[in-house]
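Undergrad: One structure coming up, written as structure tokens, with questions to follow.
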Amino acid sequence: MADDDTAELGDLLMRAARTQRRRWRDALAPWDLSPHQARALRVVCEREDTRISDLAEALHIAPRSATEVADGLQERGLVERTSDPRDRRAVILRPTAAGRRVRAEVDEARSADSRKLFGRLPAEDRAALGRILRALRDESET
């Protein structure tokens with residue numbers, strides 16, 4: 001494969017990723033959530049008693065940034081902070097009922113948007129794209 005071809009593939013992949021990120025931000029607009037907040041809410045809803053350090057690790061961000069994301073979710077009433085009974089210095093995050101409801105709504109909106117976006121492709125192309133993207137995924141994320 002010529003260098004020009006691989007450069008174009010990289011450019012196309014980045015453009016597709018930017019399109020997906022823009023669509024994701026647009027899908028989150030009704031809830032006034034950032035993509036980081038939506039991902040954090042998912043982590044807190046999926047894991048029992050999430051520590052800030054665990055949230056930071058799951059989101060691949062610094063603990064200070066995870067604290068800021070958690071602050072935003074708490075301000076919206078989507079998560080609550082409590083002391084960790086095993087370590088009083090640590091704080092754990094738990095989703096509120098509103099947080100669970102918003103997470104379900106956001107998941108449905110994102111699924112609907114993904115169906116619309118990837119519905120442009122025939123089933124065999126979607127399967128091929130999945131195989132290709134899994135092959136290109138960073139080894140540290142497998």
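The values are calculated or read from the model by the stated rules, or taken from the named source; none is laboratory data. Note that this is a predicted model, so its numbers are computed, not measured. Counting neighbours? That spans all protein chains shown, and the Cβs are built from the backbone with ideal geometry, glycine included. The protein model used for the area step is the full one, side chains on, heavy atoms only, and it has no ligands, DNA or RNA in it. Shrake-Rupley method; radii C 1.70, N 1.55, O 1.52, S 1.80 Å.
Undergrad: Using r as the Cβ-Cβ distance of LEU136 and ARG64, and R0 as 35 Å, what FRET efficiency do you calculate, to the nearest 0.05?
TA: Working from the Cβ atoms, E equals 0.70.
Undergrad: Mind giving me the nanometre distance, one decimal, between the label points for ASP125 and ARG15, set 7 Å out from Cα along Cα→Cβ?
TA: 1.4 nm
Undergrad: I would also like to ask the following. Can you give the helix-only mean residue ellipticity at 222 nm for the chain, where every DSSP H stretch with n ≥ 4 adds -39500 (n - 2.57) and the sum goes over all residues, rounded to the nearest 500 deg cm²/dmol?
TA: Per the formula, -22000 deg cm²/dmol.
Undergrad: Could you work out how far helix 3-28 tilts from the main Cα principal axis of the chain, as a 0 to 90 degree angle to the nearest 10?
TA: Result, in degrees: 40.
Undergrad: Let me check against my output: what whole-number percent is the relative contact order of the chain, with C-alpha pairs under 8 Å and at least 6 apart?
TA: On the way: 116 pairs, mean separation 28.1, N = 142.
About 20 percent, as a whole number.
Undergrad: Please report, as a whole percent, how much of the solvent-accessible surface of the chain comes from carbon and sulfur atoms (probe radius 1.4 Å).
TA: Result for the chain: 50 percent of the exposed heavy-atom area is carbon or sulfur.
Undergrad: If you wrap a convex hull around the alpha carbons of the chain, what volume per residue comes out, as a whole number of Å³?
TA: It is 140 Å³ per residue.
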